[in-house]
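Some notes on the structure that comes next.
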Amino acid sequence: MSGRLPAAPLSDREIQLLSFASQGLSAKEIARELMTTPRIVDQHFENLIAKTGARNRTHLMVRAFQCGYFDL
């Protein structure tokens with residue numbers, strides 16, 4: 001899979017996480033914004049990586065950018 005995300009659409013929460021991450025927020029900062037824990041944020045990212053077939057969080061962000069989920 002080159003720059004493609006899965007056929008199943010991403011949830012609103014998944015898109016929100018990508019948006020916060022694209023702004024350079026840490027898991028702790030994202031957790032504060034979403035009123036949850038950093039561990040839950042990390043679990044969401046692990047699920048996104050598995051769902052998209054990305055190799056790691058950086059690869060996930062590159063794919064999300066290529067698919068237009070956020071702008072720089």
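No lab work stands behind these numbers, since they all come straight from the coordinates. Predicted model, so just to flag it, every value in this text is computed and none were measured. Quick reminder, even Gly has a Cβ in these numbers, built from the backbone with ideal geometry, and neighbours come from all protein chains shown.
Annotations
- Count of segment 27-40 residues, restricted to those that are under 13 Å from the mean Cα position of the chain (by Cα) and under 19 Å from residue 69 (Cβ atoms), is 2.
- Scan segment 51-72 for residues that are over 11 Å from the mean Cα position of the chain (by Cα), surrounded by fewer than 14 Cβ atoms within 10 Å (Cβ to Cβ) and within 20 Å of residue 9 (Cα to Cα) and the total you get is 5.
- Out of 46, 14, sole residue that is surrounded by 15 or more Cβ atoms within 10 Å (Cβ to Cβ) and either of a type in the set (D, E, K, R) or touching a strand residue (DSSP E or B) at 6+ places or on another chain (Cβ under 8 Å) (or both): 14
- Of all residues in segment 21-43 being in a helix (DSSP H, G or I) and of a type in the set (Val, Ile, Thr), the one that is surrounded by the fewest Cβ atoms within 10 Å (Cβ to Cβ): 40
- Enumeration of residues in segment 22-72 that are out of contact with any helix residue (DSSP H, G or I) (no Cβ under 7 Å at 6 or more places or on another chain) and of a type in the set (Lys, Arg): 32, 39, 51, 55
- Restricting segment 10-26 to residues that are within 9 Å of the chain's Cα centre (by Cα) and among the aliphatic types (A, V, I, L, M), the residue that is nearest to residue 65 (Cα to Cα) is 18.
- Meets criteria (touching a residue at least 40 places away in the same chain (Cβ under 8 Å) and outside any helix (DSSP H, G or I)) for residue 10: yes
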